[in-house]
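Data block below; observations after.
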Amino acid sequence: MTGIARALRTLAAAGAALLAVTAAAPVAAARPEPKAPPEFVDLRSVDPTIITEMRYTTAHNFMGEPVDGYRQPVCILTRPAALALRTAQRSLLRQGYSLKVYDCYRPQRAVDHFVRWAKDLDDQSMKDEFYPQVDKTRLFEDGYIAEKSGHSRGGTVDLTLVKLPASPTRPYEPGEELAPCYAPRGERFPDNSVDMGTGYDCFDTLSHTDDPRVQGVQRANRQFLKSTLSASGFVNLAEEWWHFTYRPEVFPDTYFDFPVARRSVAGH
């Protein structure tokens, strides 16, 4: 056997051995995404008439980018909370209004994303709209950002009112000029909702539901939303006119982390 032939046989044997080792090595299985417990549902399966504008799937939010864990613009809630919204919606439709949800169940990974963003003091790209008068160093101290959120328990929803027939809301264009969230209605980012005095997720004391500076039609709209939802079992967070929690909560002490996606509640 020539030296070349011996070298070729050696290489072939080494290759066969490598293939055998590779075939025998266990393949790491992809970790499956957690799914929602059966108590969670897609709101549209309970009431498809409620308008959905899931802000955290888009770049139009206080961070300026889609939020971790928001895979699809779907509102997921515990079934009792979704049924209570349906009750409120039926009352509103008779009066010429509709609910519009901005956020519903929120995975813990999204809350963690908020926390990372809040600690990055160099990232203030959306300040001019969402927190013009708040120093970013105070977001935790002032309660705008926290390491846990009631949204992650499935019974909390952020929402507003829309006068019917609903006009479309134009999409946000990343990089566009920003206006303060508390500016007059005609100056801040357009929304097809009724005038609540501030936009959604406005980090300002003017967002407090009963702030005395908010009067007239704006105050009446806030009270209309609050009274309608209160009649269906929801409790408003005094610091945010848009934030409501259904009581009693199905999961009062559990913070979930399944993604916001239809597959998370498929079959429920």
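FYI, it's all coordinate maths here, none of it is from the lab. Here the structure is a predicted model, which means the values were calculated and not measured. Don't worry about glycine lacking a Cβ; one is built from the backbone with ideal geometry, like all the others, and counts go over all protein chains shown.
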What's the extension gain from Gln124 to Glu141 if we count 0.36 nm per residue and subtract their Cα-Cα distance? 4.4 nm
Could you state the number of Å between the C-alpha centres of the range 77-119 and the range 120-159? 17 Å
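Take the Cβ-Cβ distance between Glu176 and Arg94 as r, set R0 to 41 Å, and report the resulting FRET efficiency rounded to the nearest 0.05.
The calculated FRET efficiency here is 0.65.
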Once all Cα-Cα distances of the range 39-265 are split into 5 Å bins that start at 0, what whole-number percent is in each one? 1, 7, 15, 20, 21, 19, 12, 5, 1, 0
Count of lysine pairs, the chain, Cα-Cα under 30 Å, sep. 8 or more residues or interchain, comes to 19
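I'd like to verify something in the chain: which complete DSSP H helices, judged by Cα projection on the helix axis, reach 30 Å or more and average at least -1.0 on the Kyte-Doolittle scale?
For the chain, where a helix must reach 30 Å along its axis and average at least -1.0, the hits are 3-24.
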Run the helix sum for the chain: -39,500 (n - 2.57) per DSSP H stretch of 4+ residues, divided by residue count, reported at 222 nm to the nearest 500 deg cm²/dmol. -8500 deg cm²/dmol
Computed ³J(HN,Hα) along the range 256-268: with the Karplus parameters 6.51/-1.76/1.60, θ = phi - 60°, integer Hz and x for glycine or proline, the list is 8, 9, 6, x, 7, 7, 4, 5, 5, 10, 4, x, 7
Quick check: Cα centre of the range 194-268 to Cα centre of the range 30-74, how many Å? 16 Å
For the chain: relative contact order, % (alpha-carbon pairs under 8 angstrom, 6 or more apart): 25 percent
Determine the dipole magnitude for the chain: charges of +1 sit on the beta-carbon of Lys and Arg, -1 on that of Asp and Glu, nothing else is charged, the reference point is the Cα centre, and the result goes in debye to the nearest 20. 1240 debye
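Relative contact order of the range 43-96: what whole-number percent is it, with Cα pairs under 8 angstrom and at least 6 residues apart? Before the final figure, lay out each step's value.
Working: 36 pairs, mean separation 20.6, N = 54.
After rounding, I find 38 percent.
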Suppose R0 equals 35 Å. What FRET efficiency, 1/(1 + (r/R0)^6) with r the Cβ-Cβ distance, do Arg185 and Arg31 give to the nearest 0.05? 0.15
